[in-house]
1. Kindly check whether there is at least one residue in the stretch 249-258 that is on the phi < 0 side of the Ramachandran plot, in contact with a His (Cβ under 9 Å, 6 or more places away or on another chain) and part of a helix (DSSP H, G or I).
2. Under the condition of being open to solvent by less than 60 Å² (accessible area, probe 1.4 Å) and among the β-branched types (V, I, T), which residue from the stretch 52-105 is nearest to R12 (Cα to Cα)?
3. Do you know which residues across the stretch 243-275 are open to solvent by less than 90 Å² (accessible area, probe 1.4 Å) and in contact (Cβ under 8 Å) with a residue 60 or more places away in the chain?
4. Only residues in the stretch 38-56 that are without any contact (Cβ under 8 Å) to a residue 40 or more places away in the chain count as the first member; pair them with residues that are among the hydroxyl-bearing types (S, T, Y) and assigned to a loop (DSSP other than H, G, I, E, B), Cβ under 7 angstrom, at least 6 apart or cross-chain, and list the lot.
5. Which of the following residues is under 30 Å from S203 (Cα atoms) and either of a type outside the set (D, E) or in contact with a helix residue (DSSP H, G or I) (Cβ under 9 Å, 6 or more places away or on another chain) (or both): V51, V134, V62?
6. Identify the single condition in (1) touching a helix residue (DSSP H, G or I) at 6+ places or on another chain (Cβ under 8 Å); (2) closer than 22 Å to H105 by Cβ that R12 does not satisfy, given that it satisfies every other one.
7. State all residues of the stretch 178-201 that are touching a Gly at 6+ places or on another chain (Cβ under 8 Å) and either loosely packed, with under 15 Cβ neighbours inside 10 Å or closer than 16 Å to A127 by Cα (or both); if no residue qualifies, say none.
8. Of the residues that sit in the stretch 44-87 and are among the charged types (D, E, K, R) and under 18 Å from I7 (Cα atoms), which one is nearest to the chain's Cα centre (by Cα)?
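The values are calculated or read from the model by the stated rules, or taken from the named source; none is laboratory data. Because the structure is a prediction, the values reported are computed rather than measured. Here Cβ is always computed from backbone atoms with ideal geometry, including for glycine, and neighbour counts include all displayed protein chains. Protein only, heavy atoms only, side chains kept; ligands, DNA and RNA dropped before computing areas. Shrake-Rupley method; radii C 1.70, N 1.55, O 1.52, S 1.80 Å.
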Amino acid sequence: MGAVALIEVLERDGTPRHSVAVSQWPLRVGRALDNDLVLDDPHIAPHHLVVDRDEGGAYVQVGDSINGIALDERRLAAGERSPVGDAPLAITAGRMHLRLRLAEHALAPEQRLVPTRALAQGLPLLALLVLLTVATQVFDIYLDTDPDGFVRALGSNAVSGIVAVLAWCGLWTLLSKLFTRQGHFGWHLRVALIAVLAWELISGATQLLSFSLSWPWLSDFKFVLGYAVGATLLYFHMLAVEPYRHRRVRQAAVAMALVGTALSLWFNWQNGDRLGSELYMSHLFPPALRVAKPVDTASFMKGVAELQATLDAKAKRKEDAGDDDSSAEGGGGDDD
């Protein structure tokens, strides 16, 4: 008789470590030696699961287990069963990842073998990214420093930037090598450079639009876009470390962006009673780039006057806090 099914034990990156051809039903999986597939995992029961077939088709049933199993995104407890379906089934038992394939399952077409790209294979694109990144950083340093200290600032920033990029990409390369057996240094370097350029573009665009349209809130909350860029950076780095779990990696990246944004909003409110990060718009561009209509002096002073009540309330709170501190210190002196 030919095999009716194949069950594989998978590595972390999804490659098969061990496989068992099933010639007849049922297929028993567990830690006990009388199983067809023996898994040495303390989180797996002696008879953890059974794969069998009846008139309704093949199914998976959980044995006497306290941990149960996971089928793709569903969890089954002890005694529960689920049909196998028309496609290979991913099974998680304890810390072991399995894949069950029936004889009637259609084989996926052969995929072209794409070897890991060497760093020199993408040299034109990499050189372009490096040149653009260097140009933007040099321009930023030129704007932020005095002419006398430009060369010194350029040298120190160049050394620190090169060390930071190599350390960052080297760390991700090491993780990729550990989990997928391929370094992907070129991939990680491209991802890092594109993220730097994306942030420079977003930062400049938000500042220009804030100035041109008189929208200070746009640059005030640009840190939200910064967290989005950071989460996207981590997502593409993780694709080279967890190439078979795109959904979980994407969820983790979105969660990190949301948590970072929420924490920044909370800290801004605690430090300044405001959600934004800037007290005032500190970036100026040539007047010709202004699109918003200018505000006359009378309207400007009217808007400033509306802030008087808020400033008085804050000043009163500070005075009350100072009086409380003085009273506490004075009381302590009387007791002495």
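1. Going residue by residue through the stretch 249-258, those that are on the phi < 0 side of the Ramachandran plot are 249-258.
Keeping just the survivors that are in contact with a His (Cβ under 9 Å, 6 or more places away or on another chain) gives none.
No, there is no match, as no residue in the stretch 249-258 is on the phi < 0 side of the Ramachandran plot, in contact with a His (Cβ under 9 Å, 6 or more places away or on another chain) and part of a helix (DSSP H, G or I).
2. T92
3. P243
4. Close Cβ pairs (under 7 Å, with a partner that is among the hydroxyl-bearing types (S, T, Y) and assigned to a loop (DSSP other than H, G, I, E, B)) amount to A45/S65.
5. On the way: V51 fails: under 30 Å from S203 (Cα atoms); V62 fails: under 30 Å from S203 (Cα atoms).
The conditions single out V134.
6. (2)
7. So the first thing to find is which residues in the stretch 178-201 are touching a Gly at 6+ places or on another chain (Cβ under 8 Å), and the list is 185-186, 190, 195, 199.
Selection gives F185, G186, R190, A195.
8. Kept after step one, since they are among the charged types (D, E, K, R), are these residues of the stretch 44-87: 52-55, 64, 72-75, 80-81, 86.
Okay, now just the ones that are also under 18 Å from I7 (Cα atoms), so 52-53, 72, 81, 86.
Values: D52: 40, R53: 42, D72: 22, R81: 35, D86: 33 Å.
So, considering only residues that are among the charged types (D, E, K, R) and under 18 Å from I7 (Cα atoms), the one nearest to the chain's Cα centre (by Cα) is D72.
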